[in-house]
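The values are calculated or read from the model by the stated rules, or taken from the named source; none is laboratory data. The model shown is predicted, which means the values in this text are computed figures rather than measured ones. Reconstructed Cβ throughout: ideal geometry from the backbone, glycine too, with neighbour counts over all protein chains shown. Only protein heavy atoms, including side chains, enter the accessible area calculation; ligands, DNA and RNA are left aside. Shrake-Rupley method; radii C 1.70, N 1.55, O 1.52, S 1.80 Å.
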Amino acid sequence: MDRRNFIALSLSMLGACGRASGTGIEEGIPPEEAIDSIVANGIAPAAGLVVRKGGKTVFAYGAGIANGRHPFRSDTKMRVASVSKLAVALTAHRLAERGEIDLDAPLSDWFGDAMRHPGFPDVEIPLRHLMSHTSGLQDPEVYWYTETGRIEDLFTPDIWLPGPPGGYFTYCNFGWSILATVLEREVGERFDLLADRITLGPLGITAGFNWSGVPEEERRAGATLSRKIDDKWTVQTDGPDMLNGMGPAVTMPQGLVLEDYEVGTNGTLFSPQGGLRASLEELCPLVRTIAVDEVATRPAWVFDPAVQNGDTDDGYFTVYGEGPQIHPASDSPVPGVKLIGHHGEAYGLYSGAWHAPELDAEIAYAITGMPAPEDTEVPISSIHRTINAWDAPAVKAAGDLLRR
């Protein structure tokens, strides 16, 4: 989970940020030019930003090429990485509101002893702890299947943290596949279809997990994600074959089709941890909807430095809800402004979607590639520890534009 993104740019556009001193940003650059410069300087193949206030869009802009044939726009769909978790969490909370699932039920109800910590077998793990990353689980080296199989086959000893479940925070992608499996078993519906019926469809958006249900025309115009390797942009996911494909992008064993999948066996199939394909414009209503859910956004974990009750990723994680990450006003990329949402980083993409309750505003941002291999250190700007030097040139320009 990379921490360097468009947060400062976005909120400065809302007038929430002061001068970005020490960044070397030239005065008076319009935000469109600032975003254009990200592409022109070779930082990413494409970049975009959407800002809404009071439910109305005040800025929407995209620059660069989505996939070699189509321009990148604010309505271009892409794999939004961990922002996807907001849609999964919202689906779970909506089902709980309907009485179709009990988020306090222990995982052992569905998986028996396989979901009991071997060192603490008497400690039950409520389903909701998967969404706050306090389940005692950690990501194994491989936490997905590329074909059908039972998720229980991935339950190995290395998925457990040393301490007891329930209080320690460790960001865990695998927990979201376990959650998706439970949702399938409880409701009896394939996860991609369930998420669309409960969450995406009611929001009026055509997003979908692993391109499931996305209209063909929008898929063809979707964004390819890349990394620059040997000075060339190299496709990491959603290349031409996938964008030109039909139906959900899942891998099945030879001779089988998706219709052969047994619901409730493999929640990794649709990549619930990061596989949502959505546009920046679609992420705004998604983050707004879950950010006003009092259950989803109540602090489920708060870092306590006295007991070191979590892996904070160098101070980035300090408060977490049941799905959304929370930046309290006292420790926010924008001083005094609380943020609720999620960031994402995968396959060269940086993305994020945030709701600022005090400003009645949403932001969604993305760049579709990174200018160096994944293991290259990303330069941090002087603005905030969550902002990198690649993003910083847009910050002051955006703030100037909204203050005119």
Legend entry - Boolean, Arg220 is among the basic types (Lys, Arg) and in contact with a His (Cβ under 8 Å, 6 or more places away or on another chain): yes
Legend entry - Single unsatisfied condition, Phe191 versus (1) closer than 21 Å to Gln325 by Cβ; (2) among the hydrophobic types (A, V, I, L, M, F, W, C); (3) in contact with a helix residue (DSSP H, G or I) (Cβ under 6 Å, 6 or more places away or on another chain): (1)
Legend entry - Failed item, numbered, when Val83 is tested on (1) modelled with pLDDT under 95; (2) surrounded by 24 or more Cβ atoms within 10 Å (Cβ to Cβ): (1)
Inset, instruction - Among the residues of the stretch 116-167, write down those that are among the charged types (D, E, K, R) and either farther than 28 Å from His342 by Cβ or surrounded by fewer than 18 Cβ atoms within 10 Å (Cβ to Cβ) (or both). - result: Arg116, Asp122, Asp139, Glu141, Glu147, Arg150, Glu152, Asp153, Asp158
Inset, instruction - Scan the stretch 159-171 and report the pairs whose first residue is assigned to a strand (DSSP E or B) and whose second residue is among the aromatic types (Phe, Trp, Tyr), with Cβ atoms within less than 7 Å and a gap of 6+ or a chain change. - result: Phe169/Trp301; Phe169/Phe317; Phe169/Tyr320
Legend entry - Residues of the stretch 363-385 that turn out to be touching a Ser or Thr at 6+ places or on another chain (Cβ under 9 Å) and either modelled with pLDDT of 50 or more or β-branched (Val, Ile, Thr) (or both), as a count: 10
Inset, instruction - Spot the failing condition for Phe111; the list is (1) over 30 Å from Gln254 (Cα atoms); (2) open to solvent by less than 30 Å² (accessible area, probe 1.4 Å), and only one is missed. - result: (1)
Inset, instruction - Check every one of the strands (runs of 3 or more DSSP E) wholly within the stretch 227-340 and list those with 1 or more residues that are surrounded by fewer than 20 Cβ atoms within 10 Å (Cβ to Cβ) and modelled with pLDDT of 95 or more. - result: 232-237
